[in-house]
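A.B. asks: Here you go, one structure.
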Amino acid sequence: MVKLSQQNGMIYILLAATLWGTTGTSQALAPAAATPSVVGLLRLAVGGLILLAIAVIGGAFKAHPRLPIRNTLLAAICIAAYQVLFFGGVARTGVAIGTIVGIGSCPIMGGILGYFFRHERPGWAWLIATLLAVCGAGLLASSGGEIQVDLLGLILATGAGASYAAFTLFSKELFEVLDPKSGMAIVFCLGTILLIPLLILYGMRWDDFVWVLQPRGALVVAHLGLITVGIAYTLFGKGLQSVPVSTTTTLTLAEPLTAGILGITLLGEKLTPLAAAGIILIFSGIAVLSIKFPGKKEVLQAGM
């Protein structure tokens with residue numbers, strides 16, 4: 001297997017999270033008829049096809065390894081469940097609380113899952129970095145949204161964070177025996193198939209997709225599929241091979257950091273003191289994790 005340094009793996013994950021951070025800005029620029037559930041489905045579907053194309057062009061399927069059915073199915077279920085739970089949590093609690101609980105609970109869940117299922121010992125650096133980054137994400141999310149508390153919404157948002165952490169765990173185990181490019185392609189295509197019946201039951205209609213035919217709508221879908229899934233998850237899969245689950249889920253908090261910066265610079269959102277403090281805290285958390293591996297020369301065997 002290809003040997004990857006942990007430091008390079010962290011860079012890949014940070015790049016992936018930065019690309020994910022453009023999702024909110026892209027959705028904000030979409031036609032008014034675009035709904036979060038349809039956008040989420042199209043992002044998975046188009047992104048899955050792009051990941052499939054990347055895997056085929058890159059020859060990822062040539063090795064013909066035995067497909068780990070359990071981890072593949074569980075990863076697909078988790079990525080599909082994340083879409084439903086996160087959108088449901090945000091709908092009931094509002095963007096602020098839904099984002100804080102959904103994204104903020106992910107690294108905590110990642111640390112717990114990594115400890116119990118992979119015997120990872122995150123250490124003090126991870127704990128400090130996670131606290132800083134989660135607090136920063138909370139300040140960013142609460143700086144411009146209305147706060148409302150809904151018990152079911154909180155449960156859904158927490159479930160979203162747990163689902164994404166579990167997706168990371170199962171994906172890491174999957175990539176120990178499968179090329180990340182082919183693994184991601186299979187997981188996302190399967191996740192899309194699992195998500196379609198749920199959205200049909202939710203009330204999704206053909207009319208909900210008409211906005212995609214507009215030039216701006218098509219551009220938004222292309223960006224979400226190619227940039228935030230195709231390229232981002234290719235980078236994420238490559239980085240996940242050498243970075244622990246706990247560290248990975250903490251590094252993904254670069255996503256709200258990017259979203260916050262883009263909202264201020266491109267969408268004209270106001271930089272409040274809370275938002276500024278949140279940006280500083282997330283930067284600090286990522287810096288703590290980076291300092292933990294200053295020029296480390298040890299190399300981890302992918303899949304260990």
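A.B. asks: Are there any pairs, at least 6 apart or on different chains, whose C-beta atoms fall under 9 Å, with the first in segment 65-80 and more than 15 Å from K172 (Cβ to Cβ) and the second loosely packed, with under 15 Cβ neighbours inside 10 Å and modelled with pLDDT under 90, and if so, which?
C.D. replies: P65/V177; R66/V177; L67/V177
A.B. asks: Kindly provide the set of residues from segment 18-38 that are within 15 Å of the chain's Cα centre (by Cα) and either closer than 15 Å to L226 by Cβ or in a helix (DSSP H, G or I) (or both), ordered by number.
C.D. replies: Within segment 18-38, T18, L19, W20, T22, T23, G24 meet the criteria.
A.B. asks: Checking G136 against (1) under 25 Å from T35 (Cβ atoms); (2) surrounded by 24 or more Cβ atoms within 10 Å (Cβ to Cβ): exactly one of these is not met. Which one?
C.D. replies: It fails just one condition, (1).
A.B. asks: How many of the residues in segment 194-221 are part of a helix (DSSP H, G or I) and without any contact (Cβ under 8 Å) to a residue 12 or more places away in the chain?
C.D. replies: 9
A.B. asks: Among the residues of segment 226-269, which ones are part of a helix (DSSP H, G or I) and open to solvent by 30 Å² or more (accessible area, probe 1.4 Å)?
C.D. replies: Matches in segment 226-269: L226, I227, I231, T234, L235, K238, E255, A259, I261, L262, I264, T265.
A.B. asks: Further question: Please work out which residue is surrounded by the fewest Cβ atoms within 10 Å (Cβ to Cβ), limiting yourself to segment 33-65 and to residues that are β-branched (V, I, T) and modelled with pLDDT of 90 or more.
C.D. replies: Out of the qualifying residues, it is I57.
A.B. asks: Within segment 66-83, is there a residue that is at pLDDT below 85 and crowded, with 22+ Cβ neighbours inside 10 Å?
C.D. replies: Yes; the residues of segment 66-83 include at least one that is at pLDDT below 85 and crowded, with 22+ Cβ neighbours inside 10 Å.
A.B. asks: Shifting gears a bit: Could you tell me which numbered condition F188 fails, if it satisfies all but one of (1) over 16 Å from the mean Cα position of the chain (by Cα); (2) surrounded by 23 or more Cβ atoms within 10 Å (Cβ to Cβ)?
C.D. replies: Condition (1) is where F188 drops out.
A.B. asks: Any idea how many residues of segment 191-210 are under 29 Å from Y115 (Cβ atoms) and either over 17 Å from the mean Cα position of the chain (by Cα) or among the basic types (K, R) (or both)?
C.D. replies: 1
A.B. asks: Please state which of the following conditions F87 fails to meet, knowing it meets all the rest: (1) modelled with pLDDT of 90 or more; (2) of a type outside the set (A, V, I, L, M); (3) open to solvent by 30 Å² or more (accessible area, probe 1.4 Å); (4) under 17 Å from the mean Cα position of the chain (by Cα).
C.D. replies: F87 satisfies every listed condition except (1).
A.B. asks: Report the residue count in segment 90-124 for those that are within 12 Å of L156 (Cβ to Cβ) and open to solvent by 20 Å² or more (accessible area, probe 1.4 Å).
C.D. replies: 5
The values are calculated or read from the model by the stated rules, or taken from the named source; none is laboratory data. Keep in mind it's a predicted model, so treat the numbers as computed, not measured. Methodologically, a virtual Cβ is constructed for each residue, glycine included, from the backbone with ideal geometry; neighbour enumeration extends over all protein chains shown. Keep in mind that these areas ignore ligands, DNA and RNA; they rest on the heavy atoms of the full protein, side chains included. Shrake-Rupley method; radii C 1.70, N 1.55, O 1.52, S 1.80 Å.
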